[in-house]
1. Note the count of lysine pairs whose C-alpha atoms are less than 29 angstrom apart in the chain, limited to pairs 8 or more residues apart or on different chains.
2. Rounded to the nearest 500 deg cm²/dmol, what is the calculated helix-only ellipticity per residue at 222 nm for the chain, with -39500 (n - 2.57) per DSSP H run of length n ≥ 4?
3. With just the Cα atoms of the chain, tell me how far they stretch along each of the three principal axes, in Å, largest first.
4. Pop out the carbon and sulfur fraction of the accessible area of the chain as a percent, whole number, probe 1.4 Å.
5. Take the Cβ-Cβ distance between Lys75 and Ser180 as r, set R0 to 22 Å, and report the resulting FRET efficiency rounded to the nearest 0.05.
6. Could you tell me which of rounded, prolate or oblate describes the stretch 45-164, using a ≥ b ≥ c as the square roots of the eigenvalues of the alpha-carbon gyration tensor, with rounded for a/c under 1.5 and, failing that, prolate when a/b is larger than b/c and oblate otherwise?
7. Please give the Cα centre distance for the stretch 1-28 versus the stretch 146-172, rounded to the nearest Å.
8. Looking at the chain, send over the antiparallel percent of its DSSP beta bridges, to the nearest 5.
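The values are calculated or read from the model by the stated rules, or taken from the named source; none is laboratory data. In this text the structure is predicted, and so the values were computed from the model without any measurement. Every residue, glycine as well, gets a Cβ built from its backbone with ideal geometry; the counts of neighbours run over all protein chains shown. Only protein heavy atoms, including side chains, enter the accessible area calculation; ligands, DNA and RNA are left aside. Shrake-Rupley method; radii C 1.70, N 1.55, O 1.52, S 1.80 Å.
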Amino acid sequence: MDTLLFDATLDDEARRTQLYDGQLFVYSPTPSSLGLVDLARQLIAEAFGSLDPETAQYHMPAEGYAAVLAELKPKFIHHPESKRLIQGMLRERGCSLEKTYFDVPRMRTATSDDYLTTGIAYAFHPHRDTWYSAPQCQLNWWLPIYAIESGRSMAFHPKYWSQPVRNSSRGYNYHEWNRSSRFNAAQHVKQDTRVQPRAEEQLELDPQIRVIAPVGGSLIFSAAQLHSTVPNQTGRTRFSIDFRTIHLDDVEAQRGAPNIDSACTGTTMADYLRASDLAHIPAEVIAQYDTPPIGAAS
Ligand SMILES: [Fe+2]
């Protein structure tokens, strides 16, 4: 991992190859990415009423704030328009809509000054998404909703692209997590008791790379990148969108970033929707990735 490509003109296949080698891609806003940001802003404005969303945290108790997010975030995730706009983004980025699958977009918040860092506003410790049962070919797309700065962004820790981290992913099973934890996010206001895969060794987070794209600009990276939420002390909450994609050819060929340290079980493969018609991945393909749940007879 040594290169950040800005507005690269590579085709999707060449881009995926470089992403699986750890490179980062950043693109200027497109009509659909700006549309997605506009949709998010509309829903945010409705949720916070007269308050400025980036500073609303200073005018509400954390429990009330968590309740606002608990209503706002699912509204965005499941809005029919958000899927249509992602289809548009993929088309504008040269992805095949027949071969590219995506999962529903998430809205994330990183509040300032440790106001709310658990549950519905979880501040992500350094992790790879592949510790959370994502396939090695998953790509993550990330867009800021309002202008960001380095102090309220996300960080990559490039040293660990090729260096394994001792971690607890062996205890993580995606299906188990869905059953027990995911839908309780808003309840974890003061403390987050959900078991998540973590590093089991001291990490050196520097040198790190933070990419500051303009509003609606998109950052694309491999799910195998070690990344974290930058502890926000800027006095403004960060709002961002992310979603994930996979390409069927890579899924079938078991192509993707190298797995150097992930031992989780289960798979997120059933979550992705084909960009052309929102169909799921064929069940027999999902089954190839679905390693047995913890405790299951082998
Ligand atoms: Fe992540």
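1. Value for the chain: 7.
2. -7500 deg cm²/dmol
3. Between the extreme Cα coordinates on each principal axis of the chain lie 51, 43, 38 Å.
4. 52 percent
5. Once the sixth-power term is evaluated, E becomes 0.35.
6. It is oblate, given that a/c is not under 1.5 and a/b is not larger than b/c.
7. Using only Cα atoms, the two centres lie 18 Å from each other.
8. The antiparallel proportion sits near 90 percent.
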